[in-house]
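Read-outs: derived from the displayed coordinates by stated rules, not from any lab. This structure is a prediction, so every number in the text was calculated from the model and none was measured. No Cβ is skipped: glycine too gets one built from the backbone with ideal geometry, and neighbour counts run over all protein chains shown.
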Amino acid sequence: MALRLGFDIDGVLADFRTAFQAAARGVAQLAADIDPDAGDEEPLTTRDVRRVWTHIRRTANWWTKLDAYEPAQIARLYALARRLRWEVVFMTRRPESGGDPVQFQTQWWLESHGFYLPAVVTVPGSRGDLANALRLDMIVDDQLHNCVDIVSGAPAKAILLMRDVSDLALREHALSRGIGVVSTLEEALDVLERAQQVLVERRGRLNRLIDWFQTGREGALPLRPDAPRPKPSDE
């Protein structure tokens, strides 16, 4: 039995925060060129945030320009999915930008970082409902409320990716609910590899991830869809 996994995009794979802040600085600079008193407000006001989102909606293929937190780990996820026969779904609530549809931009971004033929679902609804509908075993997300929604409304387990490890209260709150906590995508993939081993050994329902922190096979197709296919034998 192979795992069915869900991955959030922004905050887990893509560095949305840095890209949004850069866009905010650009919008503030443009506003300052028009009005010297604009752009001095800190932090961003609601009006400023609306301006940034307007800028994003008007920018062609903005979502393809984000940096990856751990580029090598995205390629590693693809290799693990192929070797361990995982079914992987990427989930996002990204709003539209200019250019191509958000789903295509996200797929293009994932392929550019080494995950080929990605399945991307763009829905604004409940992550718990989505986990149920897709029959996922585990989801990696950077928002606690999404993780709580998952473990409350679905048999799926959740891993909270906290890149800011200083919030000990948030970490303890997650762990008390049976939500696994990691600080990097690399660590999350290590956990999922162990989960696959546990699944094979116990051949039953998955244990809660909080317990795991204490304690393949290749297909016939090539690893990359653009790789040359083997020539048929002359037999």
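Extension gain, residue 61 to residue 29, is 9.4 nm, computed as 0.36 nm per intervening residue step minus the present C-alpha separation. Here each label is just a point 7 Å from Cα along the line to Cβ, and for residue 168 and residue 22 those points are 3.5 nm apart.
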